[in-house]
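A quick write-up on the structure given underneath.
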Amino acid sequence: MSSISNTKVPLFGPAKQSVEHKKNNEFGPLTSDEYLYQVHSRNGEPLRDPVLDAPPYYVVVITYLNYLILIILGHIHDYLGMTFQKEKHRELLEKDGLAPWFSKFESFYVRRLKLRIDDCFSRPTTGVPGRFITCIDRISHDLNSYYTHPGTTTMCLNLSSYNYLGFAQSEGKCTDNAIASVDKYGLTAGGPRAQAGTSDLHLETEKLVARFVGKEDAMVFSMGYSTNANFFNSILDSKCLVISDELNHTSIRTGVRLSGTAVKAFKHNDMEALEKLIKEQIVQGQPKTHRPWKKILICVEGLFSMEGTMCNLPKLIELKNKYKCYLFVDEAHSIGAIGPQGRGVCDYFGINPSEVDIMMGTFTKSFGAAGGYIAADKKVIDKLRCDLTIPNYGESVPAPILAQTSASLRIITGELNPGEGLERLQRIAFNSRYLRLALQRLGFIVYGIADSPVVPMLLYAPSKMPAFSRMMLQRKIAVVVVAYPATPLIESRVRFCVSAALTKEDIDYLLRHVNEVGEKLFLKVSTGKAGGSLDGKPPRWDIEEVIRRTPSDCKDDKYFLI
Amino acid sequence: MRQPPEVLPSSIPVPEAVLRSSSYVWYYCQRAAHAIPGMRYVVSYVRKSHQDDPYRTLFELFLIIYGIIYFFRKPRKQGEQAAPKLSEREVEALLDEWEPEPIAQQNIKLEWRAKSTPVLMGNSSAPTRVNLTRDEGRESYSDVLNCASTSFLQISSDPEFVKAAKDTIHQYGVGACGPAGFYGNQDVHSELEYNLARFFGTERAVLYGQDFCIAASVIPAFTKRGDVIVADDRVNVALQNALQLSRSTVYYYNHNDMEALEELLEQLQERELNEKLPSLPRKFIVTEGLFQNLGDIPDLPRLVELKRKYKYRLLVDETFSLGVLGANGRGIAEYYNMKRDASVDITIGSLAVALGSSGGFVLGDNVMSMHQRIGSHAYTFSAALPAFAVTTASRVLDHLEHDNSAVQKLRSLSQLMHQLFIDDSELSPYIEVTSSKESSILHFRLTDEYRSRVFHTTEESLFQELSAMHAKNLSEKYIEGCEREEKLLQRIVDMALKEHKVLLTRNTFVLKHETLPVTPSLKLCCSAKMTEDELRSACESVKSAVLACTSE
Ligand SMILES: Cc1ncc(COP(=O)(O)O)c(C=O)c1O
C-alpha cells in the first residue's frame, strides 16, 4: 500500500469487428428453443424454510486455520515492517502532528489479507460488459502494490456483471434511444429536480416505472446507493422503528442510520424471529420511555445479492398486515430479473404490488442503465417529492440514462420489439436454473433459490478465492469472488451472475471449467441435502452427464428444493 | 478396589459420606483424565496446586463454573429493567391498540411547490434557451432564458462533445453494470481519475456515481468516535448529513469568521492537552468553496494557516466552485494562487455542475484515495459511473486545460450580474445579495428589515423555531412565516417567467433536513453561452419583478 505508483490504465479504442460480431459478443443468439423457460407465478404461496448445505467438519477447521495462519503471518509482517522498514509504513504513523488516515488495527485486514489477493478485484475493463467482457491485462508488482499494463486485452466470458437481462449493449433499440435523447436533452440535467432539472423525459420514465412495478407513482434518481441512503430520513425519525433483515445492503443501513431511527435486525429470512420481534417491539414500545413507536417499517431486499435468496414476501405481507407495520422492499437485483413478466418479487409470488408500501429498485442491474427508483402510492410520492433531499439539493438524472431505462422497460413489457423481452426473460430463467442445478449435481455447495440469477458457490477457505479467480481468468472467464466482511467469515464464495446474454453453450463452457477447477481445489463438498442429489447420496455427477441431462431436468421443479 | 485416595484433609470435620463420595468422584475423574491426551499436564498442575492449597482448587473450580454461567447468560444492558411479564391477553390488547402514523402524508399547504416546478421539454433553440411547462402542462412557455441551470460553462453542449458522448455509448453501452471493485472500472474511469488529479493538482482522484452522496460517504470513512470536526455553521445539507454520520464530535464556528475559528481551535487544543488522550484523534476543518446557500467564498489562506498551526486536515466541498473560481476554473486553490495538494486535504467536486456531465469525485493524496476505495461505501457498494458521463467530463477537462475562455467569459458575466444588482439603490430596501462577485450564481434574499416587517420573522427566530421542532421530533416541520416568505419569492420567479421569459429559481430547501440556520433565497445563474445583452435584460427583468412583488 505504501509505494503506489500512478500508473494509468491505457485507453482502448473501439475493437475492430463487424457489427454482427459485436452484437453477438454482447448478446449471444439463442441456439435452440429448448433453452427457454417460462417462470410461473407462485400465486401467493410462501417459500419453504431454506435448506442450507453445510460442508464437512474438516473444511471448517481448515478455513479457520487458513485465517489463523494469514493473521499470524500478517502480524509478523507488521512487526518486522514497523521495526525495519519504517519508511514503507509511514502512513500508519503520526506525521507532523496529524493522526494517520487510518489506524494500524483498522486497516490490518485490508493491508495484510486483502492486498494479497487484490489482483482479483478491480480488474480494469473496456467496452460493453455484455456476454463477454474485455479485461485489460495487467502485471502485478511488489505484491499487488501497483500494476503495469502491457497494452493487451483478454476477452472473457462474463459471469461478473449485473447484466441480468443482457441490456448492456451498444447496438439496438436501447442504444438508439439513448443516443437520440442526447440530441434532444443534452448530456447534463442542469440542477436539482425541484429547480431546473426536471424534463418531460423524467416524468415519462417515472410513469413507465410506476406502471411496470404496479404502483401509482414513482420517482427516479441518478444513483441506486444514494436513493436508499437518502430516503429514510424523509419519512422516519428517532421515534420510529426499522426492523431490518441482518443481510440488508449497506445503502439501506446507511440511510436508516442517517434518519436516526431505532433499528432492530432479525436473522436472515427468519419469519418466526421477525414475528417475535415485531410483537415484542409493539408491546414494549420505545426504550426507556415505553411510548409506542410512531411507525414500524420492515426493510428487506427482494433478492439478496450475496446469497441468491429471496425475501418470503407472502409471509411478510401477512405479518405486516397483521401488525400494522409498513413494508419496504429493495428490488435492486430482483426487478427485471425475477418473475414471469420480470416485474420483481410481487410478480414472482403473485402478490398485488399495492400490498408493499414502498418499492425501491435500481436500473443498474437488469436495465443496463444506472440510478434507482422509489415507487409507492401517489400521496406518498407527492410527499417525497417535497421532502427528499436529492430532488431538492442533488443532481438529477441525465437524459441518456433515462432513455436507456425507458427503452429497456418497454422492451420487457413487449411495447417495443414484441417478443424480444419475453425471450430475454425466458433465457435468464433457463440459464439461472441450468447453472444452479448443474453445479449442484457436480457436487458444489450453492446457495439460493431455483430462479435466482445470482448463483453463489461456496469456496470456504480464503486462499481458494484467489486460486479460483485466477484459474478462471486463465480460462477466460470473469468471476467475482467475495469474502468477509460481505459474507460470514468462513463462507467465502464466488458469485456467478447469470445473464440472458449467455447461450447454453457458454454455460457448458463455464461448467466444464468450473468442474475441472473445482476438482483441483477440492470444492466438491456438498451432501446433496440442498438439491442436486437423486438418491440422497452426495451428488458427484460426471460432467458430460450433467450437460446432457440438466437442460431438460432444470425445467422441472421437482429437482429443486423451493 | 483399593482404598480411594484421601482428597479432603481428615482434619476438617466433614460427614464421612461426603468425604467418601467426593473421593470416589475424584478418583474416577483422574482415571478418565489420563485417557485424554495432553491431560497429564493439566492433572499435574491441578495436583500441584492442590497440594499447595486444597482450597485454591475449590476456588478455581468455582471461578470456572461462574465463568461458564456468566458466558451463557443473556447480557442485560445496564439500567434496563426486566420486562414485566404480560399475559397473552394483555399482549393481544396492546397489539390491537397500537395505531401507527401514516407512512407519509402530504401537507396540502406545500402543494404549490410541485405546481411551480418547471418541466423542460428538450429540443431548445440554444443551450441557454428552454421550452418548458408547469402545473402538469397547464402552463407552457417557449424560448425562455434559462437562468436556473447549474451547468455554467456549457462546454459539453458543443456539437463535438455531444458527438463524443454518442461514440462512447456506441462503444461502451450506457451503464457499467457493476461496482468499481467488480469489473465496473473501465479504462475511461482510470483516464478521468488521472486527468482530474492532474488538472486540479493532487495525487489522485476517486470517481463517484452522484455528487450529493459523496460527503456522507467520505467523511465517515475517515472518522470514528472521538475524532474532532470543526465546521462552518452554514455548510450545505450534504455536509450536514456527513457530519451526522461521522460519529465524531462536531463543533461549529460562525460563518467564515476566522477569528471565531481560531478561538475555537485554541480552546479545543487546550482541552485536548488536559485530557491526555490515549491516541491522537483525527481532526478536520470542514467548509465549502462557494457556499451552496449563500454563494460566498471562505478565506482559504487563513484556513490553511490555522489548519497547519493546530494540526487539522482541511476538507472543502467545491461542488459549486470547481470550473468557476480561478483563472482556469481550478477552484478555490487557484483563486487564492495556492497549490491544492499543499493546502486542501480532501476536495469534494461535482461533474454535474460546471463541468456539465454527471457524477462527482474526491481529490486527495494517494494514501487517502486508496483507503477510500475500500472504506467509502458510496464508492464500494455502488455501480461505477456510466462511461458516457466519464468521457464527457474527460473531454471538458482537456478543453479547459488549453482554453480558459469559457471560464473567463463566465467570470465577466458573473461580475456584471452582481454589479447590476449591487449598484441598484432601488433594490436595497428589499433585497440583499449574499454571493461573491465571482460566483456564477447570484444569491439574493429579502433584507432582514423587510422580512421582520412583513413576515415578523428573523433568521434567528426561524432557526430557533426549527430547532425547537427538531427537539420535539415533530413529523411535520412547517413554519408559517418561512412558508409565506417562500411564496413571495416564488411570485417573483413566476412574474419573471410569465412577463419576461426568464427562468430563475428559489434556492429549494427542506426544513426537515436543515439543522443549521437557513433563510429562503433566490438564485439567478449565468452561463458562459449567454451574451452580455441577454444577461443584462434578464437582470433588469428580475429586478422589476422583485420591485413589483415586494412593494405589493
Ligand atoms: C440491494 C441493493 N440496493 C442498492 C444497490 C445500489 O445500487 P447502485 O449500484 O445503482 O448504486 C445495490 C447494489 O449493489 C444493491 O445490491
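The values are calculated or read from the model by the stated rules, or taken from the named source; none is laboratory data. Just so we're clear, the structure is a prediction, and the values are computed from it rather than from any experiment. Note that we place each Cβ from the backbone using ideal geometry, even for glycine, and neighbour counts take in every protein chain shown.
Remarks
- Members of region B:497-512 that are within 11 Å of B:Tyr141 (Cβ to Cβ) and either crowded, with 23+ Cβ neighbours inside 10 Å or within 12 Å of chain A (Cβ to nearest Cβ) (or both): B:Leu497, B:Val502, B:Leu503
- When region A:392-411 is filtered for residues that are over 24 Å from B:Asp167 (Cβ atoms), of a type outside the set (Gly, Ala, Ser) and surrounded by 24 or more Cβ atoms within 10 Å (Cβ to Cβ), the ones remaining, listed by number, are A:Tyr393, A:Leu409.
- Residues being crowded, with 16+ Cβ neighbours inside 10 Å and either part of a strand (DSSP E or B) or under 26 Å from the mean Cα position of the chain (by Cα) (or both) are entirely absent from region B:530-543.
Residues are listed down the side, and each one gets a yes or a no for (1) more than 12 Å from chain A (Cβ to nearest Cβ); (2) at pLDDT 90 or above; (3) within 26 Å of A:Ser145 (Cα to Cα); (4) within 16 Å of the ligand (Cβ to nearest atom):
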{"residue": "B:Gly364", "(1), (2), (3), (4)": "no, yes, yes, no"}
{"residue": "B:Thr380", "(1), (2), (3), (4)": "no, yes, yes, yes"}
{"residue": "B:Ala384", "(1), (2), (3), (4)": "no, yes, yes, yes"}
{"residue": "B:Val390", "(1), (2), (3), (4)": "no, yes, yes, yes"}
{"residue": "B:Leu397", "(1), (2), (3), (4)": "yes, yes, no, no"}
{"residue": "B:Leu400", "(1), (2), (3), (4)": "yes, yes, no, no"}
{"residue": "B:Asp403", "(1), (2), (3), (4)": "yes, yes, no, no"}
{"residue": "B:Val407", "(1), (2), (3), (4)": "yes, yes, no, no"}
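- Residues in region A:511-562 that are assigned to a loop (DSSP other than H, G, I, E, B), under 25 Å from the mean Cα position of the chain (by Cα) and farther than 19 Å from A:Tyr460 by Cβ: A:Cys554, A:Lys555, A:Phe560, A:Leu561, A:Ile562.
- Only one of the numbered conditions (1) at the interface with chain B (Cβ under 7 Å from one of its Cβ atoms); (2) within 30 Å of A:Ile282 (Cβ to Cβ); (3) of a type outside the set (D, E, K, R) is violated by A:Gly186, and that is (2).
- Qualifying residue in region A:267-283 (condition: within 16 Å of the ligand (Cβ to nearest atom) and either touching a residue at least 60 places away in the same chain (Cβ under 8 Å) or surrounded by fewer than 24 Cβ atoms within 10 Å (Cβ to Cβ) (or both)): yes
So that you can scan it fast, the table gives a plain yes or no per residue for (1) of a type in the set (Lys, Arg); (2) more than 22 Å from A:Arg123 (Cβ to Cβ):
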| position | (1), (2) |
| --- | --- |
| A:Phe468 | no, no |
| A:Tyr484 | no, no |
| A:Arg493 | yes, no |
| A:Val498 | no, no |
| A:Glu544 | no, yes |
| A:Ser552 | no, yes |
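- Test result for A:Phe496, crowded, with 23+ Cβ neighbours inside 10 Å, under 18 Å from A:Arg131 (Cβ atoms), touching a residue at least 24 places away in the same chain (Cβ under 8 Å) and hydrophobic (A, V, I, L, M, F, W, C): yes
- When each of A:Gly350, A:Gly339, A:Gly344 is tested for being within 16 Å of the ligand (Cβ to nearest atom) and closer than 24 Å to A:Gln38 by Cα, the lone residue that passes is A:Gly344.
- Criterion violated by A:Leu203 - all others in (1) more than 16 Å from the ligand (Cβ to nearest atom); (2) assigned to a helix (DSSP H, G or I); (3) in contact (Cβ under 8 Å) with a residue 60 or more places away in the chain; (4) within 7 Å of chain B (Cβ to nearest Cβ) satisfied: (3)
- Only one of the numbered conditions (1) within 21 Å of B:Phe381 (Cα to Cα); (2) surrounded by fewer than 20 Cβ atoms within 10 Å (Cβ to Cβ) is not met by A:Glu307, and that is (2).
- In region A:299-313, the residues that are more than 10 Å from the ligand (Cβ to nearest atom) form Cβ pairs under 6 Å with partners that are part of a loop (DSSP other than H, G, I, E, B) and aromatic (Phe, Trp, Tyr), at six or more places apart or across chains, as follows: A:Glu307/A:Tyr447; A:Gly308/A:Tyr447.
- Where helices (runs of 4 or more DSSP H) sit wholly within region A:355-423, those with at least 3 residues that are within 16 Å of the ligand (Cβ to nearest atom) and within 7 Å of chain B (Cβ to nearest Cβ) occupy A:399-413.
- Residue match in region B:185-205 (condition: over 28 Å from B:Val316 (Cβ atoms) and within 24 Å of the chain's Cα centre (by Cα)): no
- Tabulated pairs, region A:322-336, first within 12 Å of chain B (Cβ to nearest Cβ) and at pLDDT 95 or above, second in a helix (DSSP H, G or I) and near the ligand (Cβ under 9 Å from one of its atoms), C-beta under 9 angstrom, 6+ apart or interchain: A:Phe328/A:Ile252
- In region B:104-123, residue surrounded by the fewest Cβ atoms within 10 Å (Cβ to Cβ) [restricted to those that are part of a helix (DSSP H, G or I) and facing chain A (nearest Cβ under 7 Å)]: B:Ala114
- Residue ID - nearest to the other protein chains (Cβ to nearest Cβ), chosen from residues in region B:190-226 that are in contact with a Leu (Cβ under 6 Å, 6 or more places away or on another chain) and within 26 Å of A:Arg193 (Cβ to Cβ): B:Gly209
- Of the criteria (1) part of a helix (DSSP H, G or I); (2) touching an Asp or Glu at 6+ places or on another chain (Cβ under 6 Å), which one B:Ser436 fails: (1)
- Scanning region B:222-243 for residues that are in a helix (DSSP H, G or I) and either without any contact (Cβ under 8 Å) to a residue 12 or more places away in the chain or closer than 22 Å to B:Pro278 by Cβ (or both) yields a total of 1.
- A:Leu327 being assigned to a strand (DSSP E or B) and touching a Lys or Arg at 6+ places or on another chain (Cβ under 6 Å): yes
- Tally, over region A:225-250, of residues that are in a helix (DSSP H, G or I) and either closer than 22 Å to B:Val510 by Cα or away from the ligand (no atom under 15 Å from the Cβ) (or both): 9
- Residue check, A:Glu423 touching a residue at least 40 places away in the same chain (Cβ under 8 Å), surrounded by 24 or more Cβ atoms within 10 Å (Cβ to Cβ) and of a type in the set (Asp, Glu): no
Okay, residues lined up against (1) within 14 Å of another protein chain (Cβ to nearest Cβ); (2) surrounded by 15 or more Cβ atoms within 10 Å (Cβ to Cβ); (3) closer than 30 Å to A:Phe349 by Cα:
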residue: A:Asn43; (1), (2), (3): no, no, yes
residue: A:Pro56; (1), (2), (3): no, no, no
residue: A:Arg90; (1), (2), (3): yes, no, no
residue: A:Lys104; (1), (2), (3): yes, no, no
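- Considering (1) surrounded by 16 or more Cβ atoms within 10 Å (Cβ to Cβ); (2) within 12 Å of chain B (Cβ to nearest Cβ); (3) not aromatic (Phe, Trp, Tyr), the lone condition that A:Asn66 does not fulfil carries the number (2).
- Beta carbons closer than 6 Å, at least 6 apart along the sequence or on distinct chains, pair a first residue in region A:224-241 that is facing chain B (nearest Cβ under 8 Å) with a second that is more than 16 Å from the ligand (Cβ to nearest atom) and acidic (Asp, Glu) for A:Ser234/A:Asp387.
- Candidate set from region B:124-172 (those that are assigned to a strand (DSSP E or B) and at the interface with chain A (Cβ under 9 Å from one of its Cβ atoms)); member that is farthest from B:Leu410 (Cα to Cα): B:Thr133
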